Amino acid sequence: MKSLGVTRILEKVVELCRFLFPRYQAEGKAYLTVALGCTGGKHRSVSIAHELGKRLQNLKFSPELRFELDPSIEYSVHISELLKEVLPHGESPGTDEESTR
């Protein structure tokens, strides 16, 4: 990974996983979910997840990478567009007098 910030985040997540994995296993748990996300549209979270998977393969516990779409951002954009259609020009949701009291 090129970014020093991303590299540092990955190091911290791997450190956390090294700490948690044996404890989860000792409690009989079979799963630990690590979720990554980004809204920049450049698929960085996918790249980071792949890199994290590579770094975790050296541990005794093998990660299973699974990607799931979180539709909440698309849904909120859709709702915002609908609100723009019904609100007076220039008014945004939550700016009327009642919502500012």
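Values quoted throughout were computed directly from the atomic coordinates according to the rules given, and no laboratory measurement underlies them. Quick caveat, the model's predicted, so the values are computed rather than measured. Using ideal geometry, Cβ is built from the backbone for each residue, glycine included, and neighbour counts are taken over all protein chains shown.
Across segment 19-29, computed HN-Hα scalar couplings (Karplus, 6.51 cos²θ - 1.76 cosθ + 1.60, θ = phi - 60°) run 6, 7, 3, x, 5, 5, 5, 4, 8, x, 7 Hz from first to last residue, x flagging Gly and Pro. Put in line by how crowded their Cβ is, counting other Cβ atoms within 10 Å and starting with the fewest, Lys29, Lys60 read Lys60, Lys29.
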